[in-house]
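Since the structure comes first, as structure tokens, the remarks are kept for the end.
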Amino acid sequence: MASIVVMGVSGCGKTSFGETLATALHRPFIEGDALHPAANIAKMSAGVPLDDADRWPWLDLVGRALGQADGMVVSCSALKRIYRDRLRRAAGRDMVFVCLNLPRTVLEQRLHERKGHFMPPALLDSQLATLELPTSEPDALVLDATGPIESDIEQTLTWLRGRRREQGE
């Protein structure tokens with residue numbers, strides 16, 4: 001049973017979607033942001049984007065968490081292909097990615113409405129510039145996440161069932 005990484009830029013709804021998907025699948029959920037080292041949180045809180053040197057240790061922690069058990073659901077930005085590859089290596093398990101894709105205007109609105117999160121709206125541009133949609137990766141689903149979460153969950157469950165059939169599970 002593949003673990004699932006719910007990915008995308010800040011404000012796309014990774015946590016809400018991941019928690020809802022995990023509940024629907026009766027699987028554990030891990031909030032990837034909770035695994036950020038304090039230095040990363042301080043840097044982002046100050047409006048400074050993370051660089052790859054900041055991200056590698058965090059991605060390794062997320063990957064190790066994914067490697068603890070099959071079937072986990074984890075939220076993690078996983079913005080670049082190289083980051084997703086790092087997660088795959090660190091986990092050492094089969095995993096799939098569900099990318100929540102939203103227009104910039106929707107993301108800006110969500111970030112301005114969100115309270116109590118360390119990621120300021122000012123970092124959206126850096127995240128969008130870094131994002132490499134996984135459109136050519138066979139283990140990834142890119143969702144237009146502008147509709148109701150229930151529709152996106154159903155689309156994801158249908159995709160996961162299709163993958164299991166293809167793999168003979």
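The values are calculated or read from the model by the stated rules, or taken from the named source; none is laboratory data. Note that this is a predicted model, so its numbers are computed, not measured. Positions of Cβ are backbone-derived with ideal geometry, glycine not excepted, and every protein chain shown enters the neighbour counts. All accessible areas refer to the heavy atoms of the entire protein, side chains included, with ligands and DNA or RNA removed. Shrake-Rupley method; radii C 1.70, N 1.55, O 1.52, S 1.80 Å.
Numbers at a glance
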quantity: Filtered residue count, the stretch 142-167, keeping only those that are assigned to a helix (DSSP H, G or I), over 14 Å from LEU21 (Cβ atoms) and of a type outside the set (Lys, Arg); calculated: 2
quantity: Cβ-Cβ under 7 Å pairs, at least 6 apart or on other chains, the stretch 148-167 side open to solvent by 80 Å² or more (accessible area, probe 1.4 Å), far side of a type outside the set (Val, Ile, Thr); calculated: GLN155/LEU143
quantity: Options ALA42, ALA34, ALA24: the member that is more than 24 Å from ALA145 (Cβ to Cβ) and not polar (S, T, N, Q); calculated: ALA42
quantity: The lone exception for VAL6 - which of (1) among the β-branched types (Val, Ile, Thr); (2) within 23 Å of GLU154 (Cβ to Cβ); (3) part of a helix (DSSP H, G or I); (4) open to solvent by less than 20 Å² (accessible area, probe 1.4 Å) it fails; calculated: (3)
quantity: Condition met for VAL48 (open to solvent by less than 10 Å² (accessible area, probe 1.4 Å) and either basic (Lys, Arg) or over 16 Å from GLU137 (Cβ atoms) (or both)); calculated: no
quantity: Whichever residue in the stretch 21-35 is touching a residue at least 40 places away in the same chain (Cβ under 8 Å) and not in a helix (DSSP H, G or I) and, among such residues, is farthest from ARG93 (Cα to Cα); calculated: GLU31
quantity: Extreme residue, modelled with the lowest pLDDT, among residues of the stretch 80-136 that are farther than 22 Å from ASP52 by Cβ, assigned to a helix (DSSP H, G or I) and aliphatic (A, V, I, L, M); calculated: LEU111
quantity: Pairs with Cβ under 6 Å, 6+ apart, first in the stretch 77-101 and under 13 Å from LEU66 (Cβ atoms), second part of a loop (DSSP other than H, G, I, E, B); calculated: ARG84/ALA78; ASP94/ALA2; MET95/ALA2; VAL96/ALA2; VAL96/ASP139; PHE97/PRO134
